[in-house]
Every structure is written in structure tokens, then in C-alpha cells.
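Chemist: The structure's right below; bear with me while I get my questions together.
The values are calculated or read from the model by the stated rules, or taken from the named source; none is laboratory data. On a predicted model such as this, the values are computed, not experimentally measured, just so you know. Here Cβ is always computed from backbone atoms with ideal geometry, including for glycine, and neighbour counts include all displayed protein chains. Quick note on the areas: whole protein, heavy atoms, side chains included, nothing else; ligands and nucleic acids left out. Shrake-Rupley method; radii C 1.70, N 1.55, O 1.52, S 1.80 Å.
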Amino acid sequence: KLHSDLDKGVGTVKYTLSGDGAGTVFTIDETTGDIHAIRSLDREEKPFYTLRAQAVDVDTKKPLEPESEFIIKVQDINDNEPKFLDGPYVASVPEMSPVGAYVLQVKATDADDPTYGNSARVVYSILQGQPYFSIDPKTGVIRTALPNMDREVKEQYQVLIQAKDMGGQLGGLAGTTTVNITLTDVNDNPPRFPKSIFHLKVPETSHVGSAIGRIRAVDPDFGKNAEIEYNIVPGDGGNLFDITTDEYTQEGVIKLKKPLDFETKKAYTFKVEAANLHLDHRFHSVGPFKDTATVKINVLDMDEPPVFSKPMYTMEVYEDTPVGTIIGAVTAQDLDAGSSSVRYFMDWKNDVDSYFTIDATEGTIATNELLDRESTAQYNFSIIASKVSNPLLTSKVNVIINVLDVNEFPPEISVPYETSVCENAKPGQVIQTITAADKDLSPAGQRFSFKLSSEASNKPNFTVHDYRNNTAGIETRRNGYSRRQQELYFLPVVIEDSSYPVQSSTNTLTIRVCRCDSDGTIQSCNVEAIFLPVGLSTGALIAILLCIVILLVIVVLYVALRRQKKKDTLMTSKEDIRDNVIHYDDEGGGEEDTQAFDIGALRNPKVIEDNKIRRDIKPDTLRFTRHRPPAEDNRDIREFINQRLQENDVDPSAPPYDSLATYAYEGNGSVAESLSSIDSLTTEADQDYDYLSDWGPRFKILADMFGEESYNPDKVT
């Protein structure tokens, strides 16, 4: 209730309310100032409200007093039960745990005000699950209440927990939850065989490594606590068998370690031990965590195939062995009680098997074709043996035949075939160590032997010492040798190999007598020995050779000077153009090509010096007044040129381009003067070159050049 001191109760004051929840949760009587709640309040939703109130004049609407603020607090009542927010719970505890072993802690929450009364004070209790478990009423910790709870008896427990407020008093609200508790396994049980003796029957034909039976020990534990290891106790027959554990079924799998034979032994007895792999020391007092049982195995008699005496046969044969030669045999037996005869035959797979045959009764293998080691060095095939009484029972064995190389080539001396001995050699001195080589494919360990031939054994010059390691030494038997008496010795050496058949050869070793110094170093063997009979020393030989070289040098210099002098005599000047042959690789430019060669090369060099005309431009038209030589001279030259022209026209090997022949200038002072009609300028008379136009297109350019020129006497000196 709100009231202002200015309110006289005559209706002049109006009360207003604002703030948290005004108009929605709370309302005020404008005349009396009474505040009312217009809906239910929940402390857990909102524990308090802050409001503001004011008194105003009804007429002026002006506040009569300052606005005042106040708080409305919601008082709690026990209207909420405890709740397990994390339920239902799942927990586990090891079996055989002692009383009071911790299992789990549960917790319930109450939304009521814990500071007001006992509305939020919770107490825990067990409604279902006794007498196995207990709970602390204040903390909610669940513990075991019975000792030695066995998982193998009961594994799952469901416990109902209650939480009640008001301290558990009458009228309090309660909430419940479920706790599922599982007993986890521990290794508290040893393995046990369900029976003490296991009987097994095994055929004697069982393969080594195959499983012949299973036994099982029972362990009520779970997981790794139930893992069992089986072992065969050493004793009678245990060495023929082995046992392993099937990791999925925990069974003991008995396997055959060695082959069985009914005819040798019909029954075996041994003990098997089963033990846990993972032991728990807390339960050692219970007893040993292992158990034993007896296994009896009876071997069943079976009709077995023949058995070969060897797992594999290896034979050897020489490549020159005749067809039909027996090279070996295979043997198989029937080991059953009623022994049966055995028949042999080859397992044909390819054409290679046709090189051999086998006797069906005896098992002997013989060649069927000629063998060639260079073609096939090894044969590999199979032989099958079957019982006559039951041909379906067969066994197979591999046969390897190595073709041996026949010793066809004799050994020979390895290089060198020639050696030397000093003139001053002493008896017993080794002058050469020799080895041997064999072209055959020699097997490992082949040995060679060395000796002198019978005809050389009686000569006292040299001997052969066999070192018995495939080498031999040539030793001297005389005290000194003379080249004057004998320069060369020929020593026949006989070499034998150790292959079959034995091959030998006689090799001749050439021994040259040489001159040596005191240390045994060879000084000369050949050159000096040739001149020693005439008494020439080494210095004399060198002097003779030096003189020969000097004479050769003098002859060469003389010939060179003669050639140089002859060349200087023939040359008239630096510009001698007698051998000026111009060659180019194209086919020519035709009649208009005037730059291919220098026409001035045909003229007198002195005239050329005085009449230097450029060659790169066409000269001006000049008319030289030349002296007309006698008709008989022109006729001789014309006949000579015509003869050469005809020879070139009919010559099939003549080149397709113009062939220029040059005539050298003979020089001044000649009695006969120049023989060339081209440069015969003795008078100022004109010379007629019109006949050049009649020689054909090859001389057209030459006719044009000389037909248009005029002679200028002012330029002639």
C-alpha cells in the first residue's frame, strides 16, 4: 500500500505505478494506493521486482512528491521436487570386490531457495537394489554392500535411487533415477577340461602341418581372462605333434609335426596342459590356474602310394654318351603291409623329356637321343611311380641330369711363347714362369701338369719345374750360354690336363740368348748379335747411322736448291702469267659475259703496262693499225687454231664452256721474236681479224673486241 501525506482522502491525489512488472504482474488502485498481484508468481522464474510509485494532483497532473522506488521480493515455497539431471546412470564395478567398494556418485538438484527453510535440502535413499549396494544419504555415493559378488553368478544389477527434499521429512517432494551396474570380469576361475581323456583317430596319410583334432578347456571368465594357452607335456609321442590355440574359440588345435606310419607305430599317448595367459595375483590362493588332460591318438592304416628313396635325384652324363646308355636309376617302395610291385614312367610335359627313357620295372634311366651340352646343359623332368595293385596311388620325384662337357681340346701354353736367357746365367736359375689355358669348359679344380718332352729330357740346356699349382718354371741347367755358339734354343714342353679323357699337347718355347749386365738386366738381344761376328761395337754402329742420316740431309737440300734455281730461271717477272689458267664452276654467262677472264693476259706484258685499260667497263672503240704479217705466217697459225678447234669440237670429253689456251711471252732479244700472231705489232698497218667471225659463236666476243679496235701509234713505244 502506498500513501502520501498530502492525501486528505478527498480524491485530489492520484497514485501511479511503473517499473518491472507494472501493469502485467502488479497493478495499483489510483485512489487508495493499494498494490495487487494480478497473476501467480514463481520465485524460480523471477525472485524479485523493482517498481517506482508517484502521487500526482488530479487536477494539475503535477507530482505532489518525488517519485519513490521499492522492491517486491517473492518468498519461496516448496513447490519443486529434486531432479537427477544426469540420470539414468550406468556404472561398473569389478566382481569379487570387497564391501564398500566405490561404484558411482549420483546428484539431484532442487530449484527451490536453499537459503529459505528446508525446501532445497535433499536426502538420498535406495528404493531397489538392496542388499547388494548402499548409498550415502547426503553425498549420493553408491558402494557395494555385499562381499565377493560373482560375475559368473549374476552380472547385471539395476538400482533405483530416490532423492527427497525437506530433509526427507513427511510432506517433502521426491525424485527418482535408475542406476544400471555391471560386474566386470576378473580372472578368478582357472581353465578346466570337461574330461580327462580325449580320443582321436588319424589316418597315416595325413599331411605334415595339417590339423588332426581339437580339444577344449572351459574357463567361465570373459575376454582376456579367458584366454588359454595349450602345451604338450613332454613324453611319449609328443614330439610328433604340436598344439596351438584358436584365438576365436579358445580351442587347442592339434597338428601333425612329422609323418605317421601305421606300419611303424599304431598309437600315441601324450598329455596336454591348458593355462591362463593373464593371471591375477589376488586369486593365487584359489589354486593353480591350469589343468591337464590325456590325448590318445590311434593311427589308421591307409593304402599309401610308393615312397622314393630320395626326395630328388641328380645325375651326370657326358655329351658324347651313346644312345641307350644307362646313366642312373630311381627306386620307390610300397611300405604297406601287403607290399605291391611298383611301376615307373616319365611325366611327359614337353619334347625335352624325349631325350631319356626309363625302365618301367627297374627304374633305370637311359639316353634316348644324342646330347649336346652347348645346346642344353641341364635336363629337369619328373618320374612317377605307381602301385601295381592300385595304379591310382602314385608318387612323383624330380630328376636333374647335368650334361658334362667332353674334354676335346688339349691345354696350351699361355703367352709368352718366347723368352730369353742371359749369357751369364747360373744353373738352376728360373728364367720364365709359364701357365696353361684350355679351350674346354673346365670344371672347378682342373689341374695342369708340365714336363719336358722325351727327346728334350736328355739335353743339358734347360729343364721344366712343375709347381703343381697350374704353373711351371723354366730353369737353366748350364753355367752360362754363348750367342756366338747358339743364339736360339727351342724347348718342347708337354702339358696335360686332368679332365676326361686326358688331353695333352707339346708346346715349343723359344729361348733367345741375350747379353746382360751383372744384375741380370738385358742389354741387347738382336741388333748387336748381327754385327758381333765382324767386330763392330755399339759406338761404331751409331757413327755409321749418323753418317747415313747426314748424307740423306745433304741430298735433300741439293735437290731442293736445284728446283728453286730452275723456277727462278723460268719466271720473267712477278706478273708472269704463262700459267694463268682461270677456272670457275658455273657454266658461263654466254656471249655477253666479258668479265669471266682477262683478255689482256694474251698480250705482251710491256704493252699492257703502257695501255692500262679498266677491265670493269667496256673500252672505247679503238682501231689499232696493226702490221699485217705475211700470208704464210697467218695461214700457219690459222691452220693450227683450226686444228685445235676441230679437235675440241669432236672431243666428247671436252668441257661445255670455252677453253682458253694461253701462249707465254718469250721475252725481249729473241732472234725469232714472238711467235704469237696476236702480239706481232711491228708496223702501224692494220691487221685483219675478220676471220675470227667465221669460227663460230665461241669466238664471237673475241672477234668483236679485235674487229672494232684501231691501232694508235702514239701509244706504241
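Chemist: Which values of log₁₀ I(q)/I(0), to two decimal places, follow from the Debye formula for region 289-371 at q = 0.21 Å⁻¹ with a uniform point scatterer at every Cα?
Modeler: At q = 0.21 Å⁻¹ the computed log10 ratios are -1.05.
Chemist: Pop out the ³J(HN,Hα) list for region 379-385 in order, Karplus 6.51 cos²θ - 1.76 cosθ + 1.60 with θ = phi - 60°, rounded to Hz; leave Gly and Pro as x.
Modeler: Running phi through 6.51 cos²θ - 1.76 cosθ + 1.60 with θ = phi - 60° gives 10, 9, 8, 10, 10, 10, 10 Hz.
Chemist: Still on this structure, I have one more. Hey, got a sec? Which trypsin sites (Lys or Arg not before Pro) in region 18-58 land in a DSSP loop and have at most 15 other Cβ atoms within 10 Å?
Modeler: Here the sparse-neighbourhood loop sites are R39.
Chemist: Nearest 0.05, what FRET efficiency do K396 and L300 give at R0 = 30 Å with Cβ-Cβ as r?
Modeler: 0.80
Chemist: Calculate what fraction, in whole %, of the accessible area of region 13-73 sits on carbon and sulfur atoms when a 1.4 Å probe is rolled over the protein chains.
Modeler: 49 percent
Chemist: Could you state the principal axis extents of the C-alpha atoms in region 116-267, from the largest down, to the nearest angstrom?
Modeler: 97, 22, 19
Chemist: Now a separate question. As a test of reading the structure, rank E639, E45 by solvent-accessible area (1.4 Å probe, protein chains only), most first.
Modeler: E45, E639
Chemist: As a test question: what accessible area, to the nearest 10 Å², does H284 have when a 1.4 Å probe is rolled over all protein chains in place?
Modeler: Rounded to the nearest 10, the figure is 110 Å².
Chemist: When the Karplus curve 6.51 cos²θ - 1.76 cosθ + 1.60 is applied with θ = phi - 60°, which whole-Hz ³J(HN,Hα) does each residue of region 175-186 get, with x for Gly and Pro?
Modeler: Couplings: x, 10, 8, 10, 10, 9, 10, 10, 8, 7, 7, 10 Hz.
Chemist: Heavy atoms only, 1.4 Å probe, whole protein assembly: order T27, T506 by accessible area, highest first.
Modeler: Listed by decreasing accessible area, they come as T506, T27.
Chemist: Still on this structure: Heavy-atom accessible area per residue, region 408-459, 1.4 Å probe: how many Å²?
Modeler: Averaged over the residues of region 408-459, the accessible area is 59 Å².
Chemist: Continuing with this model, one more query. What number, in percent, do you get for the relative contact order of region 307-404 if the mean sequence gap of Cα pairs under 8 Å and at least 6 apart is divided by its residue count?
Modeler: 37 percent
Chemist: Using square roots of five times the C-alpha gyration tensor eigenvalues, list the equivalent-ellipsoid semi-axes of region 141-209 in whole Å, biggest first.
Modeler: Those come to 56, 13, 9 Å.
Chemist: Beyond 22 Å, what share of the Cα-Cα pairs of region 197-300 remains, rounded to the nearest whole percent?
Modeler: 34 percent
Chemist: At R0 = 56 Å, how high is the FRET efficiency between S693 and I548 if r is their beta carbon distance? Nearest 0.05 is fine.
Modeler: Computed FRET efficiency for S693 and I548 comes out at 0.25.
Chemist: With equal scatterers on the alpha carbons only and no solvent term, can you work out the Debye log10 of I(q)/I(0) for region 412-524 at 0.15, 0.16, 0.23 1/Å?
Modeler: With no solvent term, the Cα-only Debye profile gives -0.65, -0.73, -1.28.
Chemist: Over all pairs of distinct alpha carbons, what does the Kirkwood formula give as the hydrodynamic radius of region 53-168, in Å?
Modeler: For region 53-168, inverting the mean 1/r across all distinct Cα pairs yields 17.9 Å.
Chemist: Follow-up. Mind ranking R477, R483, R282 by accessible surface for me, highest first, 1.4 Å probe?
Modeler: R282, R477, R483
Chemist: Further, regarding this structure: For G129, what residues show an amide H to amide H distance below 5 Å, using hydrogens built from the backbone and excluding near sequence neighbours?
Modeler: The answer is L160.
Chemist: Restricting attention to region 229-284, which GluC sites (Glu not before Pro) occupy a DSSP loop and are surrounded by at most 14 other Cβ atoms within 10 Å?
Modeler: E247, E263
Chemist: Collect residues whose amide H, placed 1.01 Å from N in the peptide plane, falls under 5 Å from the amide H of D34; neighbours closer than 5 in sequence don't count.
Modeler: L2, D29
Chemist: Turning to a different aspect of this structure: How far apart, in nm, are the 7 Å Cα→Cβ label points at K46 and I637?
Modeler: Here the answer is 15.1 nm between the modelled labels.
Chemist: Measuring from label point to label point, each 7 Å out along Cα→Cβ, what is the V25 to R447 span in nm?
Modeler: Label at V25, label at R447, 12.4 nm between them.
Chemist: Considering only the other residues whose Cβ falls under 13 Å of the Cβ of Q54, what net charge follows from Lys and Arg at +1 and Asp and Glu at -1?
Modeler: -2
Chemist: State which entries of K83/K138; K296/K396; K255/K387; K255/K310 exceed 21 angstrom in Cα-Cα distance in the structure shown.
Modeler: From K83/K138; K296/K396; K255/K387; K255/K310, over 21 Å: K296/K396; K255/K387; K255/K310.
Chemist: A further question on this structure: When ligands, DNA and RNA are left out and all protein chains stay put, how many square angstrom of accessible area per residue does region 114-172 have with a 1.4 Å probe?
Modeler: With the other protein chains kept in place, region 114-172 gives 57 Å² per residue.
Chemist: I want the local charge near G140. Using Cβ-Cβ distances under 15 Å, sum +1 for each Lys or Arg and -1 for each Asp or Glu among the other residues.
Modeler: +2
Chemist: Just to confirm a number: summing +1 for Lys and Arg and -1 for Asp and Glu over residues other than A385 whose beta-carbon lies under 15 angstrom from that of A385, what do you get?
Modeler: Local charge sum for A385: -3.
Chemist: Which of the chymotrypsin sites (Phe, Trp or Tyr not before Pro) found in region 103-197 are in a DSSP loop and have at most 13 neighbouring Cβ atoms, other than their own, within 10 Å?
Modeler: When the chymotrypsin sites (Phe, Trp or Tyr not before Pro) of region 103-197 are filtered for loop state and at most 13 Cβ neighbours within 10 Å, Y116 remain.
Chemist: Could you derive backbone 3J(HN,Hα) for region 454-465 from the dihedral phi with the Karplus parameters 6.51, -1.76 and 1.60 (θ = phi - 60°), listing whole Hz in sequence and x where the residue is Gly or Pro?
Modeler: 4, 6, 9, 5, 8, 7, x, 8, 9, 9, 10, 10
Chemist: Students often forget the sequence filter, so: which lysines lie under 26 Å Cα-Cα from K61 once same-chain residues fewer than 8 apart are removed?
Modeler: Cα-Cα hits under 26 Å: K1, K8, K14.
Chemist: Assuming R0 = 41 Å, what is the FRET efficiency of R562 and D405, from their Cβ-Cβ distance, to the nearest 0.05?
Modeler: 0.05
Chemist: Assuming 0.36 nm per residue, please report the length gained on full extension of the stretch R515 to A101 beyond their Cα-Cα distance.
Modeler: Gain in length upon complete extension: 137.6 nm.
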